[in-house]
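Here's the structure we're looking at; comments come further down.
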Amino acid sequence: MIRRYVVAGIALAAMVVVAPATVAAQAAEGWTVPRTPEGFPDLQGVWANNSATPLERPEQWADKTQLTDEELASFRAAAAEVTASGLDAVFGDQLAAAALAGIRDVDSYDSTGNYNQFWLVERDFDNRTSLIVDPPNGRVPARTPDAERAGRGLPPPIIAEKADTWADRPLSERCVTFGVPSLFAGYNSYYQIFQSPKHAVVLMEMIHDARVIPIDGPPHPDQAIRQLHGDSRGRWEGDTLVVETTNYSKLGSFWSASEDITVTERFTRVGPDTLQYEITFSDPTTWTEPWTVMIPLRRSADPLFEYACHEGNLGMEGILSGYRAEEREAAAAEQP
């Protein structure tokens, strides 16, 4: 059975490319970076994340960094069969996992029970076999012994195991946040970027989280000051906007990593419709080495609309009452 995880399914739309270096090389021919009045690269606009490339390299592609055109065509065809029924929705990395496993029946893996494929955008395919570009094996590094004992450094399951109270449910289900950064792809996974001379704003469509990021401003605040989305500070390195985020709270740290995690994002405009988005996660108390994801974001002409999450939070009422009903049924079954 394939479980649903918030993985790259953490995150984003891809152009049909062969490798990150190829993207930049192609974009450099006959195209120049548009600039703001201050002379900085213009990154503004809506950028989509609908990549079908899995976050980690699947075992079936263990020795490949790229698919041949024939292999890519086979992958696309298998993915099309997974979604052809139009029934239960296939989120994030579930699409690649189901396609590679030869699953064609939506009832063969965990079902949402309330979302069908109608609500999901068509996915974008490229030749890469993983969004992770470092380590070279395309896999998240091993966790440290302390992280394994504490259960840190793993993508949180969408399906929680208990619901004694609302506090048992994950932040995403409670419509608080999907975390920063979010690597979830193919479902409300759009970003809008705004720029001023001294700030950049990155707005996520999912639960409409917005970060106002000072550029070349003051340093991070004291480590005692912790925030759900951490504290982000930006700087320009050539034509790349580099954003470093630290000071996460325990509740908000990426994949439940420690509060010492540092997330470094790099935004580089490499074409008229492509924004190269590179993210490095570094936490020596959680993973044995840093790891980096590269996601080519595709420009969208569509505006962002409100992400209406629970719309009155009625979903939480149903979740808790459903668990109470299951408990009553279990208690009744134990009666002599």
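Miscellaneous remarks
- Note on segment 221-245: residues that are open to solvent by 20 Å² or more (accessible area, probe 1.4 Å) and either assigned to a loop (DSSP other than H, G, I, E, B) or closer than 20 Å to Thr292 by Cα (or both) total 16.
- Residues in segment 196-214 that are within 18 Å of Gly45 (Cβ to Cβ), open to solvent by less than 50 Å² (accessible area, probe 1.4 Å) and in a strand (DSSP E or B): Ala200, Val201, Val202, Leu203, Met204, Arg211, Ile213.
- Count - residues of segment 173-195 that are on the phi > 0 side of the Ramachandran plot and surrounded by 21 or more Cβ atoms within 10 Å (Cβ to Cβ): 2
- Hits in segment 94-112 (condition: modelled with pLDDT of 85 or more and either exposed (fewer than 13 other Cβ atoms within 10 Å of the Cβ) or farther than 15 Å from Arg123 by Cβ (or both)): Ala101
- For segment 70-79, a residue qualifies if it is more than 20 Å from Ser189 (Cβ to Cβ) and open to solvent by 20 Å² or more (accessible area, probe 1.4 Å), and the qualifying residues are Glu70, Glu71, Ala73, Ser74, Ala77.
- Filter result for Ser130 (touching an Asp or Glu at 6+ places or on another chain (Cβ under 7 Å), modelled with pLDDT of 95 or more and of a type in the set (Gly, Ala, Ser)): yes
- Per-region count, segment 54-69, residues under 19 Å from Phe184 (Cβ atoms) and not charged (D, E, K, R): 3
- Subset of segment 42-55 (residues that are under 12 Å from Arg128 (Cβ atoms), of a type outside the set (A, V, I, L, M) and either open to solvent by 10 Å² or more (accessible area, probe 1.4 Å) or in contact with a helix residue (DSSP H, G or I) (Cβ under 8 Å, 6 or more places away or on another chain) (or both)): Thr53, Pro54
- Selection from segment 130-172 of residues that are assigned to a loop (DSSP other than H, G, I, E, B), out of contact with any Phe, Trp or Tyr (no Cβ under 9 Å at 6 or more places or on another chain) and of a type outside the set (S, T, N, Q): Leu131, Pro136, Gly151, Ile159, Ala160, Glu161, Arg169, Pro170
- Applying the set (1) open to solvent by less than 60 Å² (accessible area, probe 1.4 Å); (2) at pLDDT below 85; (3) assigned to a helix (DSSP H, G or I) to Phe91 leaves exactly one unmet item: (3).
- Every residue from segment 279-303 that is of a type in the set (Val, Ile, Thr) and surrounded by fewer than 21 Cβ atoms within 10 Å (Cβ to Cβ): Thr280, Thr285, Thr288, Thr292
- The residue that is nearest to Glu148 (Cα to Cα), counting only those in segment 273-309 that are in a loop (DSSP other than H, G, I, E, B) and modelled with pLDDT of 95 or more, is Thr286.
- Gln223 being more than 16 Å from the chain's Cα centre (by Cα) and either modelled with pLDDT under 95 or hydroxyl-bearing (Ser, Thr, Tyr) (or both): yes
- Annotation: of all residues in segment 257-278 being within 15 Å of the chain's Cα centre (by Cα) and of a type in the set (Asp, Glu), the one that is surrounded by the fewest Cβ atoms within 10 Å (Cβ to Cβ) is Glu278.
- Listed by first and then second residue, the pairs linking a residue in segment 197-225 that is within 26 Å of Gly186 (Cβ to Cβ) to a residue that is open to solvent by 70 Å² or more (accessible area, probe 1.4 Å) and among the β-branched types (Val, Ile, Thr), with Cβ atoms under 6 Å apart and 6 or more places separating them unless they lie on different chains, are Val201/Val212.
The values are calculated or read from the model by the stated rules, or taken from the named source; none is laboratory data. Source: prediction; values computed, not measured. Don't worry about glycine lacking a Cβ; one is built from the backbone with ideal geometry, like all the others, and counts go over all protein chains shown. When the accessible area is computed, the model is the full protein with side chains, heavy atoms only, and any ligands, DNA or RNA have been set aside. Shrake-Rupley method; radii C 1.70, N 1.55, O 1.52, S 1.80 Å.
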